Amino acid sequence: MAYDPLESESIEIIREAVAGAERPVMLYSIGKDSSVMLHLARKAFYPASPPFPLLHVDTTWKFREMYQHRARMVAEAGMTLLTYTNQDGLAAGISPITHGSSYFTDVMKTEALKQALNLHGFDVVFGGARRDEEKSRAKERIFSFRSEGHRWDPKNQRPELWNLYNTRIRKGESIRVFPLSNWTELDVWQYIQREAIPIVPLYFAKERPVVFRAGTWIMVDDERLPLEVGEKPQTRMVRFRTLGCYPLSGAIESIATTLDEIISETFHARVSERQGRLIDSDQPGSMEKKKQEGYF
Amino acid sequence: MGDIDTLRFITCGSVDDGKSTLIGRLLYESKSIFDDQMRAVEVDSRQYGTQGEQADLALLVDGLQAEREQGITIDVAYRFFATPNRRFIVADTPGHEQYTRNMATGASTADIAVILIDARKGVLTQTRRHSRIVALMGIRQVVLAINKMDLVGFSPSVFREIVSSFQAFANDLQFSSIQAIPLSALQGDNVFVPSARTPWYSGPTLMSRLNSMAPASQGGAHPFRMPVQWVNRPNLDFRGFTGRVAQGAIQKGDSVCVLPSGLISRVKGIVVWQDEQERAGEGESITLTLEDELDISRGDVLVAQDSQPAVADAFQAHLLWMSEQSLVAGRPYLVKLHAKELNGSVSTIKHKEDVNTGSHLAARTLELNEIGVVNLTLSQPVVFEPYKVNRPLGAFILIDKMTQATVGAGMIDFALRRATNIHWQSLEVDRTARAQLMHQRPRCVWFTGLSGSGKSTIANLLEKQLHAERRHTFILDGDNIRHGLNQDLGFTVTDRVENIRRIAHVAKLMTDAGLIVLVSFISPFRAERQLARDLFAEGDFLEVFVDASLAVCEHRDTKGLYAKSRRGELPNFTGIDSAYEAPLRPELHLSSDKESPEACMRRILEKLR
């Protein structure tokens with residue numbers, strides 16, 4: 001197979017991060033980017049298993065098919081999976097439907113992530129974010145330094161020259177590492193195809209029960225999604241470009257049932273993949289603010 | 001991926017030359033902007049835009065709130081677009097001098113540079129600074145984008161004047177090509193489509209130039225080099241050495257040499273995933289297995305046996321300084337060179353470069369954003385090649401040992417001497433033998449604290465006591481040493497660093513000779529006390545913080561120095577107009593304004609037992 005600079009760069013990043021870490025962990029969100037990142041990590045350390053656990057910050061609102069896929073992949077990779085849910089948030093019944101996406105994300109994702117990292121004392125945390133996803137991510141280093149309290153200071157990032165990543169931190173500080181920084185959505189799909197990486201079936205178009213809300217198709221994944229007055233689930237041929245919590249992930253109408261068709265659709269897309277993500281647009285400079293607070 | 005290649009480039013130049021707008025234009029015209037992103041820019045333009053009713057394309061790139069509010073670029077943004085021929089990764093770098101390190105971050109991974117010039121302003125100091133950094137990083141092909149031509153009426157004479165003044169400046173920068181293009185990023189002239197308003201220009205548009213330029217490659221055939229990133233040992237049957245091929249290629253069966261040890265073996269396998277491969281080339285991340293069981297660790301370099309790079313511990317290098325705290329010769333930093341991290345310091349600053357003229361200026365320190373030529377000394381020999389020959393083996397960064405921040409970016413020019421020429425004299429009567437003869441454990445007790453805090457008093461008491469117990473001791477006292485060994489040194493930061501460096505090494509030699517050494521020096525800076533500590537084995541170095549408040553010390557003023565300093569007759573006096581950095585984790589913290597010298601001495605004695 002021909003040399004793939006993107007793949008080699010990512011593997012170099014993963015090995016470098018592990019070499020400099022005391023307690024590394026990989027954030028695993030079950031989506032396509034996580035799937036590619038996990039695959040790269042397995043390649044980086046083959047025939048050994050990656051020398052770190054996976055961490056899934058579980059809001060409990062993921063699609064059912066995502067939980068099934070998670071179980072399958074963890075078994076295949078032979079890695080330890082840690083899951084973490086913000087128990088206070090769960091007890092308080094924080095829901096994306098009644099509390100709004102912004103507050104829900106803050107409690108069940110950002111806060112939960114920080115709690116999980118503190119609980120285990122992880123110092124290096126892999127995330128699958130890409131620079132082409134969003135404008136503040138385009139600004140972030142591959143090795144992104146976090147102060148105590150997990151805060152990102154976008155105005156004062158460490159210089160990052162060549163492939164010489166500075167992994168030195170003081171006690172309480174941490175580093176988020178993004179091996180897929182230089183990948184685009186199209187790169188991800190082409191790589192999934194070439195390497196035959198298993199992904200959640202929700203990425204492929206299929207007839208699914210949906211309702212139309214806030215300009216996008218929301219899937220009725222289980223009975224927890226309350227229907228608004230006059231709303232009736234209808235069956236549509238849809239698929240997802242990104243996956244998160246089901247009440248916050250909008251589907252697109254599509255007939256792409258194979259990887260070839262998805263790649264062709266991605267190539268001709270006129271709207272960005274994160275358009276279906278309601279949390280990106282709930283306030284101005286939204287992602288940057290969430291990241292400063294410790295979100296991925 | 002796969003069949004089309006990738007070109008990485010940066011846009012750089014002075015503030016307001018239109019870098020972000022140009023990238024916005026490239027993204028827009030290459031149809032890389034999604035409809036929802038464009039709508040967001042249109043909305044944002046009403047709030048932050050600088051283009052009146054038109055959408056401000058710069059907002060596609062300036063992604064941080066602070067950037068949008070101030071209308072400037074603070075940090076480098078990476079954007080992606082593609083044409084049918086290739087994909088592009090473009091780094092939009094900030095123009096402000098203050099953010100030069102972010103510009104350097106973008107330049108370090110770029111194949112080519114697009115240097116923007118505002119046609120109304122011509123070549124500015126920032127244009128020259130960025131061009132110099134671009135050249136320093138080894139970028140050989142540049143595009144000179146003379147922007148805002150619409151504001152000078154597309155005047156050919158303005159264009160030609162700027163081009164010739166840039167060429168005159170860039171003469172010594174060794175660019176292999178400089179393509180000047182007159183354009184308007186705002187209106188799109190000569191960006192994608194040749195402009196009807198520049199009939200006098202027959203060269204390529206920016207996009208056609210970017211499509212035709214070759215990505216920087218290290219070119220030609222190079223011998224194999226691969227720094228070992230990680231040793232992979234899942235079980236007793238498998239021992240793999242992982243890394244990314246820095247140069248050359250490797251095949252199964254090739255002979256390789258491990259440096260710096262010099263051990264030799266053959267490649268047994270090249271593991272990438274479930275299938276092994278026969279061969280791997282430059283840039284590939286691989287895992288190698290060898291025929292023989294060798295002791296190899298991270299930071300070693302696997303090289304072609306018949307063509308080996310040098311090993312050395314002292315270099316001349318170019319250095320870009322990126323910290324508000326100036327570079328001080330002699331101060332220890334952490335050096336990261338390929339997969340190797342070790343202690344090192346700049347022994348000499350040979351000169352710094354004037355960004356405008358390139359002329360050499362004498363310098364005792366390097367300040368933020370300055371470029372200098374320095375001698376770098378490392379704590380052990382490392383495998384390297386000059387940056388011009390092999391970037392991955394010639395680039396290094398300096399990390400501040402206290403803040404852990406990246407403070408310098410360096411490029412090795414050449415080795416000052418081959419390490420192979422400076423074998424340590426191996427000695428049969430060693431440190432342990434000498435210590436045994438003296439019936440004691442040699443150690444260094446390092447007293448630090450303000451002048452007048454009681455360091456010397458306590459050290460003297462301690463020495464008397466140890467002597468009475470038939471221990472072999474020696475006191476190194478600040479004042480006495482400055483009369484002899486260090487009489488050439490003053491009290492500037494640079495001289496204070498050198499002062500401590502010498503004393504630390506003298507103390508080390510004395511402990512090697514078997515003595516218990518009591519060092520009594522103000523030693524105000526953490527970095528230098530760390531340097532001293534690093535010379536000793538764990539447990540052999542005791543940092544004793546003799547802590548008395550400034551008021552108490554000044555009141556005592558045994559030597560009359562505080563009074564002198566207050567009168568302005570003694571500049572750089574610690575506590576008055578020069579900082580004292582208190583130890584964070586000393587082995588002993590003595591409150592000498594509360595405890596008696598005798599009690600303080602007893603506490604040290606307990607620690608030494």
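Just tell me which lysines come within less than 23 Å, Cα to Cα, of B:Lys148; anything on the same chain fewer than 8 places away is out.
Within the straight-line cut-off, B:Lys148 pairs with B:Lys19, B:Lys31, B:Lys121.
Could you work out the mean count of beta carbons from other protein chains within 10 Å of each residue's beta carbon in A:176-182?
1
Where does helix A:259-268 land angle-wise versus the long Cα axis of chain A, in degrees 0 to 90, nearest 10?
Between helix and principal axis, roughly 90 degrees.
In cubic angstrom, how much convex hull volume per residue do the alpha carbon atoms of region A:187-281 span?
Once divided by residue count, the hull of region A:187-281 is 104 Å³.
Please report, in cubic angstrom per residue, the volume enclosed by the convex hull of the alpha-carbon atoms of the protein assembly as shown.
202
Taking the inverse of the average 1/r across all pairs of different Cα atoms in region B:556-603, what Kirkwood radius in Å do you get?
It is 13.0 Å.
Provide a whole-number value for the mean count of partner chain Cβ atoms within 10 Å of the Cβ atoms in peptide A:3-15.
The mean count of partner-chain Cβ atoms within 10 Å per residue comes to 6.
Rg over Rh of region B:175-288, using C-alpha atoms and the Kirkwood radius, what does it come to?
On the Cα set of region B:175-288, Rg over Rh gives 1.29.
Quick one: helix B:125-136 against the long Cα principal axis of chain B, what's the angle to the nearest 10°, folded into 0 to 90?
80
Above 16 angstrom, tally the Cα pairs of region B:311-420 and express them as a % of all pairs, no decimals.
53
Among DSSP bridges having both ends in the protein assembly as shown, what percentage is antiparallel? Round to the nearest 5.
So the antiparallel bridges in the protein assembly as shown amount to around 65 percent.
Taking the Cα centre of region B:242-392 as origin, work out the dipole magnitude from +1 charges on Lys and Arg Cβ and -1 charges on Asp and Glu Cβ, in debye rounded to 20.
Rounded to the nearest 20 debye, it is 460 debye.
Per the Kirkwood definition applied to all pairs of different Cα atoms, how many angstroms is the hydrodynamic radius of region B:5-212?
This gives a value of 16.9 Å.
When only C-alpha pairs under 8 Å and at least 6 residues apart count, what is the relative contact order of region B:5-212, in percent?
23
Counting only other residues whose beta carbon sits under 11 Å from that of B:Ser108, what net charge do I get with K and R as +1, D and E as -1?
Every neighbour counted, the sum reads +2.
Of all alpha-carbon pairs in region B:269-340, indicate the percentage at a distance above 15 angstrom.
73
Mind checking the angle between helix A:32-45 and chain A's longest principal axis? C-alpha axes, 0 to 90 degrees, to the nearest 10.
Helix A:32-45 sits roughly 30 degrees off the main axis of chain A.
For a protection proxy built on the mean count of beta-carbon atoms within 10 angstrom, sort B:155-164, A:196-205 highest first, please.
The densest-packed peptide leads the list: A:196-205, B:155-164.
Can you give me the accessible area per residue for region B:78-171, using a 1.4 Å probe, in Å²?
Ligands and nucleic acids excluded, the result is 29 Å² per residue.
Run the numbers on region B:432-538 and let me know its relative contact order in percent, using alpha-carbon pairs under 8 Å that are six or more apart.
Relative contact order of region B:432-538: 43 percent.
Among bridges DSSP assigns within chain A, what percent are antiparallel (round to 5)?
In chain A, approximately 60 percent of DSSP beta bridges are antiparallel ones.
Counting only pairs 8 or more places apart or on different chains, how many lysine pairs in region B:431-608 have C-alpha atoms closer than 25 Å?
13
Provide the descending list of Cα extents for region B:225-304 along its principal axes, expressed in whole angstroms.
Taking the Cα atoms of region B:225-304, the three principal extents are 29, 29, 21 Å.
Only four residue types carry charge here, +1 at the Cβ of Lys and Arg and -1 at the Cβ of Asp and Glu. Report the dipole size of region B:311-420 about the Cα centre in Debye, rounded to the nearest 20.
Roughly 320 debye, rounded to the nearest 20.
Quick one, can you get me the convex hull of the C-alpha atoms of chain B expressed as volume per residue in Å³?
Expressed per residue, the convex hull around the Cα atoms of chain B is 216 Å³.
Summing Lys, Arg as +1 and Asp, Glu as -1, what charge do residues with Cβ under 9 Å from the Cβ of B:Ala532 carry, B:Ala532 excluded?
Computed value for this residue: +1.
What percent do you get for the relative contact order of chain B when only Cα pairs under 8 Å and 6+ apart count?
Relative contact order here is 9 percent.
If the cut-off is 25 Å between C-alpha atoms, which lysines fall inside it for A:Lys206, apart from same-chain ones fewer than 8 positions away?
Leaving aside lysines fewer than 8 places away in the same chain, those within reach of A:Lys206 are A:Lys32, A:Lys62, A:Lys232.
When the Karplus curve 6.51 cos²θ - 1.76 cosθ + 1.60 is applied with θ = phi - 60°, which whole-Hz ³J(HN,Hα) does each residue of region B:519-536 get, with x for Gly and Pro?
Calculated HN-Hα couplings, in order: 9, 10, 9, 3, 5, x, 9, 4, 4, 6, 5, 5, 4, 4, 4, 5, 6, 10 Hz.
Given H placed on each backbone N at 1.01 Å, which residues far from A:Arg241 in sequence or on other chains put an amide H within less than 5 Å of it?
The list, which skips near neighbours in sequence, is A:Ile252.
Check cross-link reach from A:Lys291 to the aspartates and glutamates: straight Cα distance under 13 Å, and skip same-chain residues fewer than eight apart.
Qualifying aspartates and glutamates at Cα under 13 Å: A:Asp106, A:Glu111, A:Glu134, A:Glu140, A:Asp153, A:Asp280.
Which of the listed residues, A:Pro201, A:Leu164, A:Val238, is farthest toward the dipole's positive end in chain A, when Lys, Arg count +1 and Asp, Glu count -1 at the beta-carbon?
Comparing the listed Cα positions along the dipole, A:Leu164 ranks first.
Hey, what D do you get for region B:127-224 in µm²/s if you plug the Kirkwood alpha-carbon radius into Stokes-Einstein at 20 °C and 1.002 mPa s?
For the chosen part, D equals 145 µm²/s.
Go through B:Asp16, B:Asp275 and list them by solvent-accessible area, largest first, probe radius 1.4 Å.
B:Asp275, B:Asp16
Please get the size of the charge dipole for the protein assembly as shown, origin at its Cα centre, with Cβ charges of +1 on Lys and Arg and -1 on Asp and Glu, quoted in debye to the nearest 20.
1360
Projected onto the charge dipole of the protein assembly as shown (+1 at Lys/Arg Cβ, -1 at Asp/Glu Cβ, origin at the Cα centre), which of B:Ala82, B:Ile397, A:Ala44 gives the Cα projection farthest towards the positive end?
The residue sitting farthest along the positive end of the dipole is B:Ile397.
Along the positive direction of the dipole of the protein assembly as shown (beta-carbon charges: Lys, Arg +1; Asp, Glu -1; about the Cα centre), which of B:Phe384, A:Leu225, A:Pro154 reaches farthest?
B:Phe384
Provide a whole-number value for the mean count of partner chain Cβ atoms within 10 Å of the Cβ atoms in peptide A:165-174.
Averaged over the peptide's residues, the number is 3.
Using the Cβ atoms and a cut-off under 11 Å, what net charge is assigned to the surroundings of A:Lys291, where Lys and Arg are +1 and Asp and Glu are -1?
After counting each charged neighbour, the total is +2.
Spin-label point model (7 Å from Cα, Cβ direction): what's the B:Asp534 to B:Asn85 distance in nm?
Output for this residue pair reads 4.8 nm.
Report the B-A buried area as the accessible area lost on both sides summed, probe 1.4 Å, in Å² to the nearest 100.
Using a 1.4 Å probe on protein heavy atoms, the buried area is about 5800 Å².
For region B:1-126, state the average projected area of the convex hull of the C-alpha atoms over all orientations, rounded to one decimal in nm².
8.4
In nm, to one decimal, how far is the modelled label at A:Gln193 from the one at A:Asp222, with both set 7 Å along Cα→Cβ?
That separation, rounded to one decimal, is 3.4 nm.
With a 1.4 Å probe and all protein chains kept in place, how do A:Thr85, B:Thr105 rank by accessible area, largest first?
A:Thr85, B:Thr105
The values are calculated or read from the model by the stated rules, or taken from the named source; none is laboratory data. From a predicted model like this one, the values you see are computed outputs, not experimental measurements. Here Cβ is always computed from backbone atoms with ideal geometry, including for glycine, and neighbour counts include all displayed protein chains. Quick note on the areas: whole protein, heavy atoms, side chains included, nothing else; ligands and nucleic acids left out. Shrake-Rupley method; radii C 1.70, N 1.55, O 1.52, S 1.80 Å.
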